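Written below as structure tokens is the structure these notes are about.
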Amino acid sequence: MKIYHNPRCSKSRQTLQLIEERGVSVEVIKYLEEVPTKEELAAIISKLGIKPSQLIRKGEAIFKESFKGKELSDDEWIEAMVANPKLIERPIVVKDNKAVLGRPPENVIELL
């Protein structure tokens, strides 16, 4: 199991705590430091079963300044997230061929 984690985010911390409380081994990936590649991010999005635009944090300044109101292709959204990882919604928990967003943190229970 992996969690794409931002330690400054309360939802991300709560999700990690929920996993750890259940004694599950988890690899913590601080995605702002270890940015996923385009291929890795595309695979994660596929496991989430959503479109790349649904993984965008629309409240971020970088979104408002550079992307708000623009129509981007799926590939362009993925490239934007790799170039600007703050745009990636968090936390994302991946186990095998399935992934969930930890918003709310209880979403992760279905993977445990």
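The values are calculated or read from the model by the stated rules, or taken from the named source; none is laboratory data. Computed from a predicted structure; not experimentally measured. Neighbour counts run over all protein chains shown; Cβ positions are idealised from the backbone, glycine included.
Search the stretch 83-112 for residues being surrounded by fewer than 18 Cβ atoms within 10 Å (Cβ to Cβ), touching a Leu at 6+ places or on another chain (Cβ under 9 Å) and not basic (K, R), and hand back the single one that is modelled with the lowest pLDDT. If we take residues in the stretch 83-112 being surrounded by fewer than 18 Cβ atoms within 10 Å (Cβ to Cβ), touching a Leu at 6+ places or on another chain (Cβ under 9 Å) and not basic (K, R), then L112 is modelled with the lowest pLDDT.
Do we have any residue at all in the stretch 14-34 that's free of Cβ contacts under 8 Å to residues at least 60 places away in the same chain, assigned to a helix (DSSP H, G or I), surrounded by 13 or more Cβ atoms within 10 Å (Cβ to Cβ) and in contact with a helix residue (DSSP H, G or I) (Cβ under 6 Å, 6 or more places away or on another chain)? Checking the stretch 14-34: not a single residue is free of Cβ contacts under 8 Å to residues at least 60 places away in the same chain, assigned to a helix (DSSP H, G or I), surrounded by 13 or more Cβ atoms within 10 Å (Cβ to Cβ) and in contact with a helix residue (DSSP H, G or I) (Cβ under 6 Å, 6 or more places away or on another chain). Filtering the stretch 59-76 to residues that are within 27 Å of Q14 (Cα to Cα) and touching a Leu at 6+ places or on another chain (Cβ under 8 Å) leaves E60, I62, F63. Screening L41 against (1) in contact (Cβ under 8 Å) with a residue 12 or more places away in the chain; (2) out of contact with any helix residue (DSSP H, G or I) (no Cβ under 7 Å at 6 or more places or on another chain) leaves a single unmet condition, (2). Checking each residue in the stretch 12-49 for being under 14 Å from G102 (Cβ atoms) and among the hydrophobic types (A, V, I, L, M, F, W, C) picks out L16, L18, I19, V24, V26, V28, I29, I44, L48.
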